[in-house]
Amino acid sequence: MVKRAGGFVLALASRAPGAQARRWLYGALRAAILQGQLRPGARLPSTRELAAQYGLSRGTVVAAFAQLASEGYLDGTRGSGTYVAATLPDDLQRVAAPVGASAVPPPVRRLSSYGRTVSGFRMFGTPPRAFRPNTPALDQFPTALWAQIAGRLLRRASTKLLLGCDPRGYPPLRAAIADYLATSRGVGCHPDQVIVVSGVQEALDVVVRLVVEPGDTVAMEEPGYAGARRLFEVAGARVIDAHVDDDGLQLPRSRGRVRLIYTTPAHQCPLGVALSLPRRLALLAWARRTGALVFEDDYDSEFRYAGRPLPALQGLDRGGQVVFASSFSKALFPSLRLGYLVVPADLVDRFSAARSLTSRHPPILEQMIACEFIAEGHFGRHLRRMRQLYAERLAVLIDSAQRQLAGLLEISPIEAGLHTLGWLGRGITGEAAAAAAAARGVDVVPLARFYRGAPPRDGLQLGFAPVGPRDIRRGVDELARALEPLAGRRARLG
Ligand SMILES: Cc1ncc(COP(=O)(O)O)c(C=O)c1O
């Protein structure tokens, strides 16, 4: 039996002046049942509650209930309360319409240019499977430890925990992030410059609000992260390409002024190259010369399997031209929705003001748990354990792909991150490969989706982190079965 969630106030249609109380209550409850506001099986408030809420005598409510029960709308009052009849008479059900449904067409709405152009960004909502990109090994996350910390914090929580905090985030977490970034990423900052947000996506949103006007030029890696490009476009920016080669992004060619340039220097999304030192220096010099702000998305920097970790671009910046952003989505887990910005000192107040007008700050409890997790050394240990695990999973993928996908998909060597690329052979297209793979329970993303123009080569993005060796091998098996029938099809058709 569907029960009404306890204790909510039942909002009934208002009573016309002069309307008789019992008749009004009967009609309003009947309408609520017929329109689906009170669903079959839902529990009604008690006669005492309804009487008090609407200033009626209890006798009036009892009489209205009795009439509705006699007509089959209500199941007679039982010991535990009064319920809407589980099955309404057929003829009544036919006229019932869901709440909010109406014969009146929706009004003509005037939306902002953002409202007219915004469109959702596809996200996977189903359990992880091979080879879903951007997904860590969630089954390996120490949830028991996380729960222990949460329990401890809640048990000793003061009323402060229930209040809000600084719009820049929970101060001890900001200090812990500044420490971690100084040690692991070469980021130079004071905790005052750290702003806690819900992830890199929100970091992009707040930066765009602060520096981009409709019509402004924003430069974006090509190929690049579609979630950033989409956000720039709906903000009304003119998006220009900064092409990526083996040394990372090249400076954009623009006659006008570039307000903002987006880059993933540690591990370019999706190609996986690192921005070389000469290119880093050239980018910073150009930004200083032109006044452009550099958005450094420190994508996938935590997981490096070969070579030296490259310190952040922010650490080389002497002119306050870089906004650095990263998140715990992959280092911990995506639903945590915690990330951070490091902003130039002169912009701290602007960022703080913008945060106070939007989501204010992420939930404090989550910020406190993350803070303890870092301070007690669990974060460092978790990263080290995951780095080793991911290196093993990558090796399994490379090994099984070499044996089973030869000629169909050539896996590209990578040094960091949670995904690699596979180059398609024998005329197979990325979209056809992704559709055939999905039909066999395997996720791959066509590389073409990261390009605005035509990709020079057809390929796939493959995540190797979310599932273990057995599922990786099974995934390669399925992928081979999916690709084989596509091989040479285009050539034959041509
Ligand atoms: C390159 C890149 N940057 C940023 C994000 C946004 O991540 P989040 O908002 O979870 O930090 C994603 C998400 O997949 C991404 O691929």
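The values are calculated or read from the model by the stated rules, or taken from the named source; none is laboratory data. Keep in mind the model is a prediction, meaning the values are calculated, not measured. Note that each Cβ is placed from the backbone with ideal geometry, even for glycine, and that neighbours are counted across all protein chains shown. Surface areas here come from the heavy atoms of the whole protein model, side chains and all, with no ligands, DNA or RNA. Shrake-Rupley method; radii C 1.70, N 1.55, O 1.52, S 1.80 Å.
Quick notes on this one:
- The residue that is farthest from the ligand (Cβ to nearest atom), among those in region 212-233 that are in a loop (DSSP other than H, G, I, E, B) and under 19 Å from residue 358 (Cα atoms), is 213.
- For region 425-435, the condition holds for no residue, the condition being that it is of a type in the set (Ser, Thr, Tyr), within 25 Å of the chain's Cα centre (by Cα) and on the phi < 0 side of the Ramachandran plot.
- Against the conditions (1) at pLDDT 95 or above; (2) in contact with a Phe, Trp or Tyr (Cβ under 8 Å, 6 or more places away or on another chain), residue 415 satisfies every one except (1).
- Residue in region 305-312 that is free of Cβ contacts under 8 Å to residues at least 60 places away in the same chain, within 16 Å of the ligand (Cβ to nearest atom) and open to solvent by less than 40 Å² (accessible area, probe 1.4 Å) present: no
- Matching residues in region 158-211 - criterion: being in a loop (DSSP other than H, G, I, E, B), modelled with pLDDT of 95 or more, more than 16 Å from the ligand (Cβ to nearest atom) and over 23 Å from residue 320 (Cβ atoms): 170
- Scanning region 319-333 for residues that are in contact with a helix residue (DSSP H, G or I) (Cβ under 8 Å, 6 or more places away or on another chain) and open to solvent by 10 Å² or more (accessible area, probe 1.4 Å) turns up 319, 320, 321, 327, 329, 333.
- Of all residues making up region 246-289, the number that are open to solvent by 50 Å² or more (accessible area, probe 1.4 Å) and not in a loop (DSSP other than H, G, I, E, B): 7
- Residue identified as open to solvent by less than 20 Å² (accessible area, probe 1.4 Å) and not acidic (Asp, Glu) among 143, 217, 126, 183: 217
- Taking each residue of region 460-486 that is over 20 Å from residue 272 (Cβ atoms) and looking for partners that are part of a strand (DSSP E or B) and open to solvent by less than 20 Å² (accessible area, probe 1.4 Å) with beta-carbon atoms closer than 7 Å, six or more apart or interchain, yields 483/409.
- Scanning region 226-244 for residues that are under 26 Å from residue 276 (Cα atoms) and open to solvent by less than 50 Å² (accessible area, probe 1.4 Å) yields 226, 227, 228, 229, 232, 239, 240, 241, 242, 244.
- Failed criterion for residue 405 (all others in (1) open to solvent by less than 30 Å² (accessible area, probe 1.4 Å); (2) touching a Pro at 6+ places or on another chain (Cβ under 9 Å); (3) away from the ligand (no atom under 16 Å from the Cβ); (4) not charged (D, E, K, R) hold): (2)
- Within region 316-368, the residues that satisfy the criterion of being more than 14 Å from residue 170 (Cα to Cα), among the basic types (Lys, Arg) and either away from the ligand (no atom under 15 Å from the Cβ) or at pLDDT below 95 (or both) are 318, 350.
- Residue-level check: of (1) in contact with a strand residue (DSSP E or B) (Cβ under 9 Å, 6 or more places away or on another chain); (2) open to solvent by 50 Å² or more (accessible area, probe 1.4 Å); (3) closer than 19 Å to residue 120 by Cβ; (4) not hydroxyl-bearing (Ser, Thr, Tyr), residue 200 misses just (2).
- The listed residues are 392, 415, 410, and the only one of them that is free of Cβ contacts under 8 Å to residues at least 24 places away in the same chain and either among the charged types (D, E, K, R) or touching a helix residue (DSSP H, G or I) at 6+ places or on another chain (Cβ under 6 Å) (or both) turns out to be 410.
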